[in-house]
Every structure is written in structure tokens, then in C-alpha cells.
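I have placed the structure first, in the form of C-alpha cells, so that the comments after it can refer back to it.
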Amino acid sequence: MKTNNLFTVLLLLFSFTASTAQTTDAIVEKMVTEANDNSQLEVLAHELMDVVGPRLVGTPQMKKASDWAIATYKKWGIDARMEEYGKWRGWERGITHVDLIAPRVVSLSGMQLAWSPSTGKKGITANLITIPEVADSIAFQKWLPNVKGKIVLVSMNQPTGRPDYNWEEFATPESFEKMKKDRDALEDSWRDRMRKTGFTSRTINQELEKAGALGIIQSRWSNGFGANKIFSANTKKIPVVDLSLEDYGLIYRMTENGDQPKLKVVAESKELGTVPTFNTLAEIKGTEFPEEYVILSAHFDSWDGATGATDNGTGTITMMEAARLLKKFYPNPKRTILIGLWGSEEQGLNGSRAFVEDHPEIIANVQAVFNQDNGTGRVVKISGQGFLHAYDYIGKWLEAAPKDITKQIETTFPGVPSTGGSDYASFVAAGVPAFSLSSLSWSYWNYTWHTNLDTYDKIVFDDVRNNAILTAIMAYKASEDPEKTSREKSVLPINPRSGEQRTWPEPRSPERDGGKIE
Ligand SMILES: [Zn+2]
């Protein structure tokens, strides 16, 4: 019966290890079950994206978002607070309504850019003019008085409203090639046209304003059906409005063909003086090493062409849901878990840079930072950000997560430190082990990043759930780790472009008094 005895011993040994694994991972199991059976992601997404809306720095909605997050954390028993670090130009978006009123009536699809000056309720009504082909900047100055009393169309008219993937599917190869060649030529000649004015697409607006234009219309197509990028206006008095590719093409062709189109633009907004800008912080206090921190990180602000659902609503609700799971099943962490929802990332990582600058005592004691900010997709990449031993601890923490979550993650160690892109870069620059939980794209760059289409319906909840579980487990394991993480930096590789050895990025100061009209 020897073999049988041996078998029993092995079995016992096996079940013993299995049950120890079981006890250490009971927390993981509970978090996974809760995340799947009682997800709060849909509720959070609705409240934040649909009800609060976009979260442009300096708007009342950004403040409302912070109030909402703090109230939500409190409901879960998590302490939270708003932390001011500076001020910003206060502004609030109002109604945008753009109508073609001659030669026929059409209500057009468009919206004013962020910080656009208001037209008032009555709006402006005017004929249109396009940027002409001129010989040089002197000729352009001569032409400029023509814009007086007109609305100026400042963008190139796109030759096709179909994205390339649609051409690829249906066009003959010859006609697809021809379209691309024609479009390249058109883009070259447009660049040339702009260059000859002596201005850039950014500086020309103020010149047109000075010359007496009544308004500016652009169309910044994002190479996808219905998608435009909506950034900011840079005028002092006249509105800047973005129109859909379809409607811009319509009025552009009418203007070029002498059809005398007339447009009515109502773009209401409110200037609100100077307002505070802030981060929203939440904390689950550590019990053994309360002065050491594990930071969950996502920027809270957004552009306001839509509701910032994937930039960065999904990162935000990932961190909030992870915080909820941690509080519920791991309420007494070894190290303090801090959830940072940063302000004004979109204007240059301002919130996280301020946090790093204002809290040297925390920065010196951060175990790890986990940031998510590149769309709704499940996490597929993690880089060691140049930290020599990141492999050891990231590898160990990842092992605690279910295989169906980790099997799709490609890791790079030691990797190179990021110089920007999102808030983890603010921490990396300060030598803090900070990592981007980098997600699958889901057509992020064309369809949702800073577009008019970044809305609730683009959220892929199963993927976000996956990320909330991953984040909660990584944070739990980082908090429990018997060892403090190493900050040793690797020798950085040669930059293939410059031929010089890369150097570690330097911390940068935030903009603490931003958005002023120059
Ligand atoms: Zn973002």
C-alpha cells in the first residue's frame, strides 16, 4: 500500500497548498464575484457621463463631478476630499445652434468649441467666405479686409466623408489608390495655402477676428463617420464653431460656387471669471504602514465635445469601482490606498503634477501608481517604465489575478520612462514606480478621443469590469507586498532618432493660473 500512502501524502500536501492559496486569495475571489454580480459601473457611468456631463477644467460641471465623486465615496464609507491647487478661467457652455438660412433652410450639425465667446441669444447672421489662395503674406494682408462682417470657413473641405476602411472594403483597388493620391495632393496644397498666409491654423483665427470677421467655422474631421475633434476656441470676441464634415462640405461648396449661402449662428456661453481648479482624492487608510501609499490614478477632467466617456470616464469609473471593491473586501490595507482623480490633465497633466509637487512626503513613500487613460478597452499592455526591478513586483502582483484577465496582457520590462501622455508620467518623472494599464483601442483615436462621439454608448462594460478587477487585485497585492518596491532606474537605451542616450524625464511644474485670454 506504499504507493497509496504516498498518494495520500501528496494529496494532503496538495490540498494544504491549495487551501493556503485559497485563504490568501479569498479576497481576490470575493472581489471578482462582486465585480461580476453586483457591478456599479453602469450606474457610475450614467451618473457621471449622462447626468454630470463633460468635465472641462474651469466649468461648473467639473465642480459638480467632484461633488458627485465625494458623495459616492462617502456612500461606500471611503473618506474623500477636493484639493485645490490653482485657478482657471471659468466658462460654461450654452446652446449652440447653426442654421443655413439661404439659399435654403437647413439646421446644421455643429457645436461651439470650448471657451468660445458668446454670440448672445440673438446670434449672428452673415454670408460666408473661404481662405483664398494667395501669393504670399503681403497678398493675404491685402485680402484680409474682405472678411469684415462675414463668417470665415477655415478648414480644408474633405474630398470624401467615408473613412479609409470603408473605401478599402468597397472601392476597386485602383479607385482607392486614386482617392488617396488626390487627397494627399489636396492636403499638400492646403498646407501650402495656409503657409502663404503667414499664419498657422491656430494663429489665423485671431487675425481674422482683428480684421472684423463675425465668426469662424471649422471642421476638424477625425477620419471616422460622424466624428470630429472638438478642442478650444482662441478668439476674444467672436465665436468659433465646429461643423460636421457633411454640413461643412455643403456650405463650403455653396460658397465656392457663388450660391451666396447665409448662416445664422447662435453660440451662447458664460464667462465665469476665475475659478478654483482641483484634484479629487479619496483614501483608505493603511493599518501597518499608513505613511506608504498605493495610488489608483485617472484624470477626471475631459474635453467637452461630448461627455468624455472613454477619455477618461472609463478610467475614472475603473478606479472608483476598484476602490469600492477594496473597501468592501480589504478594508484594512497594510499601506494606504489613495485614489487620485486628477484635474486638468488635458491642458498638460496639471492636477497630477501639482499633487507630485505639493506632496513630497507622499511621493517619497509611494509603493506603486496604477493609471488608466486610453479608452474603454481591456488592459493589454503594461510597461515597466524603466524601473529595473519592475518585473519582480509587477509580475508577482499580476500572478494573483485570474488567468482570463492576465493572459491577454503583454508586459515590457524594464521598458522606458514615459515623458507624457497621461498622469503616470508626472509620477515617473519624480522617480515613483508608476504604471499605465494600457488598453485595447476600440477605435479610440478616430472615434472617441476628444470627439463629439465620446459618449456612454461607446463604453464596453465587460472590458471596464475586467480592468476594475485587475486594478483592485494589483492594488491589494501592492499594498500587501512584504517588500517596498525598488525605485532603481535602468540604464536607458539610445534614442534611435537622435542617436543619444535617453535621460530620465524631469518633473515639471503645473499650470496653476490657466486659461487666461492673452
Ligand atoms: Zn485622457
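What is the Cα centroid distance between segment 447-516 and segment 55-114, reported in whole angstrom? If we compute the Cα centre of each part, the gap is 24 Å. As a ratio to 2.2 N^0.38 Å, the alpha-carbon radius of gyration computed for segment 311-459 takes the value 1.05.
The calculated pair-distance distribution of the chain uses every alpha carbon pair, bins of 10 angstrom beginning at 0, and gives 4, 17, 24, 22, 17, 10, 4, 1, 1, 0, 0 percent. Principal axis analysis of the Cα atoms in segment 406-518 yields extents of 50, 44, 32 Å, listed in decreasing size.
Of the DSSP H helices in the chain, those with a Cα length along their own long axis of 24 Å or more and a mean Kyte-Doolittle hydropathy reaching 0.5 comprise 2-24. In the chain, the DSSP beta bridges split such that about 55 percent are antiparallel, to the nearest 5. Is segment 312-376 rounded, prolate or oblate when judged by the Cα gyration tensor, a ≥ b ≥ c being the square roots of its eigenvalues, rounded requiring a/c under 1.5 and prolate requiring a/b larger than b/c? It is oblate, given that a/c is not under 1.5 and a/b is not larger than b/c.
Any of K121/K270; K150/K264; K64/K87; K30/K403 with alpha carbons more than 22 Å apart? Name them for me.
Going by Cα-Cα distance, every pair falls inside the 22 Å limit.
Would you mind ranking I129, I394 by Cβ crowding within 10 Å, fewest neighbours first?
In order of increasing Cβ crowding within 10 Å: I129, I394.
Sequentially through segment 449-458, phi angles give Karplus couplings (6.51, -1.76, 1.60; θ = phi - 60°) of 4, 6, 10, 6, 10, 7, 10, 2, 4, 7 Hz, Gly and Pro residues having no value and appearing as x. With helices as the sole contributors, the chain gives -11000 deg cm²/dmol at 222 nm; each DSSP H run of n ≥ 4 counts as -39500 (n - 2.57), and the sum is divided by every residue.
Taken together, the values in this text are just the output of simple stated rules run on the coordinates, not laboratory data. The structure presented is a predicted model; accordingly, all values stated were derived computationally and were not measured. Glycine also receives a Cβ, built like all others from the backbone with ideal geometry; neighbour counts cover every protein chain displayed.
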